[in-house]
1. Which ³J(HN,Hα) values in Hz, rounded to whole numbers, follow from the phi angles of region 51-59 under the Karplus curve 6.51 cos²θ - 1.76 cosθ + 1.60, where θ = phi - 60° and Gly and Pro get x?
2. To the nearest 20 debye, what charge dipole does region 67-185 have about its Cα centre, counting +1 at the Cβ of each Lys and Arg and -1 at the Cβ of each Asp and Glu?
3. Between Met205 and Glu164, 0.36 nm times their residue separation minus their Cα-Cα distance comes to what?
4. Ranked by Cβ crowding within 10 angstrom, fewest neighbours first, how are Thr17, Thr29 ordered?
5. So for His107, His269, fewest C-beta neighbours within 10 Å to most, what's the order?
6. Find the relative contact order for the chain and round it to a whole percent, using C-alpha pairs within less than 8 Å whose residues are 6+ positions apart.
7. Could you tally up the Lys pairs in the chain with alpha carbons closer than 17 Å? Skip any pair fewer than 8 positions apart unless they're on separate chains.
8. Before rounding to the nearest 500, sum -39500 (n - 2.57) across all DSSP H runs of length at least 4 in the chain and divide by the residue total; then give [θ] at 222 nm in deg cm²/dmol.
Amino acid sequence: MIRDPKHNPAYVRIFDTTLRDGEQSPGATMTSAEKLQIARALARMGVDVIEAGFPAASPDDLEAVRRIAIEVGNPDPRRNGTPVPIIAGLARAVRSDIDAAWEAVRHAAWPRIHTFLATSPIHMQHKLRMTPQQVVQRVREMVAYAKALTDDVEFSPEDAGRSEPEFLYEVLAAAIEAGATTLNIPDTVGYTTPEEFYRLIRGIMEHVPGIEQVVVSVHCHNDLGLATANTLAGLMAGARQAEVTINGIGERAGNTALEEVVMALRVRHDAYGLETGIDTTQIVRVSQMVARITGMVVQPNKAIVGANAFAHEAGIHQDGMLKHHQTYEIMRPEMVGWSRSRLVLGKHSGRHALRVRLEELGYKLSPAELDRVFRDFKRLADRKKTITDADLQALVSEERGLAPEETLFHLEAAQVVAGTGMPSATVRLRGPDGRARVATAVGTGPVDAVYKAIEQVVGVQPVLLEYVVNAVTEGIDAVGEVSVRIQPADADARPSPQGDVRPRTFGGYAADTDIILASAKAYLAALNKLLAARQGEPASTAAASSPVA
C-alpha cells in the first residue's frame, strides 16, 4: 500500500532525490553499497518516493538502482509496517534511457519511470535545438512509451520556471493524455520567487485539462536561497508532492531540503494544513549519515540539522530557556532526532549501557558492530571523563564509514614526528591482497607527511581539493572529524549527456580524538573510493553525469 494524495487532499508525498540529484553535487559520488545504506534509511524514515538514480548514466548506476528496487522497494518486516516506497529512475525523453530506467526499477513493488524534457525558450533553442511543436510531440511519444512499461509515470518539463505558461499548459496536457500520473514542475535554476512560483502552480491547476487526474509535484533549486520558500508556495497553490534532498544537497547551490519542508509543514500546520508521513525523529540521524557518506559537512547554523540549531549561548536566551523552552525554541530537539543525555557514559560503563544509549539515539547495531564500537568506546573513555552523544555518533559513523567490500587499503598504524625541523610520518597499510606495506615520507607538516606516505603505498597522487576539520564535541579532548575531497591528477573527466566534461571528485570522512589519525583515515577513505571507481568503471563505460530535472 502507498499513500495517495488524491485520496487525502491534505497529504503531501515526499519524493527524495538525494541519490540522484543530490549525488550530482561535485564530490558527492556514492558507491552502490552507500546508496543502498541511504535508501534503507530513507525507507525507514517514511519517504514516499525514492529517486534512486539515473540508470542510463552507467552500468554501475543501473545496478545500484536495481539493487535498491529489489532490497528496499519491496515489503520488509524490519520496517515495522512503514509503507513500501515507490522506487523511481530518471530518464531523458529517449527510448534507450526509458528502457534502462525500467530495467532498473521493474523489480520494485511500486516502480516509477521519471522522464523529462526542457520547455523553456532558452533550453529549446540552445540545448535541445527543437521547435516547440517537436517538444510537444516528443513528450507525447516518450510518456506513452514509458506508460506501456509501467502504470506510474512522472513527467517533468525541465526549466519550467522560465517557460512560457501557455506553452507549459500545452505540454502538460499532452503528458496527461499520454498517460502521466505525476506532473513535476521544476524551478531548475532557482530563478523564480515564491510569488511567481505560486502563480505558476495555480495557473497549471486552473488551465491544464485533466489536471485533477494527476498529482502535481514541485522541484526547486536554491540558487537564490528560495528553494524551501518556493516549494511551500507551490504546495499552498495545490501541489501535493515535494521533491527534496537530505541536507539540501544537489547541483550548484543545492535542492530544497527535506528537513526544512517537513518541519515547516509540521510546526506550522496552522498555516498550511498539510501533513507528511515522515518519522521526524529520524531526520538528524539520516542527515548525519548523508553528510558522512558524501563528505559534505552540514554548516553549523543549518536549519533543523545544524549543530547550532538548538544551541543557546546569549545570556538573555539562556535565561528565557531556563524559564520556558518555547521562549526561544519553536520545536523540541527530540522531534527531529537530537537528544539530551539520559545515561552518563564513561570508562566504567558496560556494554549493556552502551547498547541502550545507542538504541535511544536510533542506532541498532549487529553484535559484531557493537563489539567494535564498544572496543573504540573503551579506548575513548580512557582519554575522556565523560562520553557525550556526539562522541557516540562519531564512533558509530566511524564504524560504518565504509562498507567492508569497498575497502581496498586499511590503515593499521601511523607514527608522526612534528616540530620546527622536518616533519615526517611512517604508515603501515594492509592492502587488498592482505599484505602489510610500510612507507615513510617527509612533508611540510604532519598531515602532509602522512598523506605522502599513504600515497607511496597506494600508488596514487591525487589533487587535494578540500580539507576540513571540525570539532564534534567540546573540550580539550574533543573528538575531531575530518572531511577531504580529492580529484585524480589526470582529472579523470567524464562527459555528461549534454557533452560537457566534469572532473570526478571523491570524498572521505573520519573522526578521532587524534586529528592526525582522523586526517589519515579520511584521506584513505577518499583514495579507496577513487581506486574502486577506476577498477569498476572502464574508460569505455565511464559514468555520465545526469542532467538536472
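1. Calculated HN-Hα couplings, in order: 7, 7, x, 10, x, 6, 5, 6, x Hz.
2. Values: 13 positive and 15 negative charges, 60 e Å.
Dipole size: approximately 280 debye.
3. Values: separation 41, 0.36 × 41 = 14.76 nm, distance 1.54 nm.
Length gained, Met205 through Glu164: 13.2 nm.
4. On the way: Thr17 28, Thr29 20.
Listing Thr17, Thr29 from fewest to most nearby Cβ atoms yields Thr29, Thr17.
5. Details: His107 17, His269 12.
Going from least to most buried by this count: His269, His107.
6. On the way: 1147 pairs, mean separation 68.4, N = 549.
The value is 12 percent.
7. On the way: Lys35/Lys529; Lys347/Lys378; Lys347/Lys384; Lys347/Lys385; Lys452/Lys521; Lys521/Lys529.
Going through the chain pair by pair, I get 6.
8. Numbers: 16 runs with 198 residues, N = 549.
One gets -11500 deg cm²/dmol as the mean residue ellipticity at 222 nm.
Any read-out appearing in this document is the output of simple, stated calculations on the displayed coordinates, not a laboratory observation. Given the structure is predicted, the values throughout are model-derived calculations rather than measurements. Here Cβ is always computed from backbone atoms with ideal geometry, including for glycine, and neighbour counts include all displayed protein chains.
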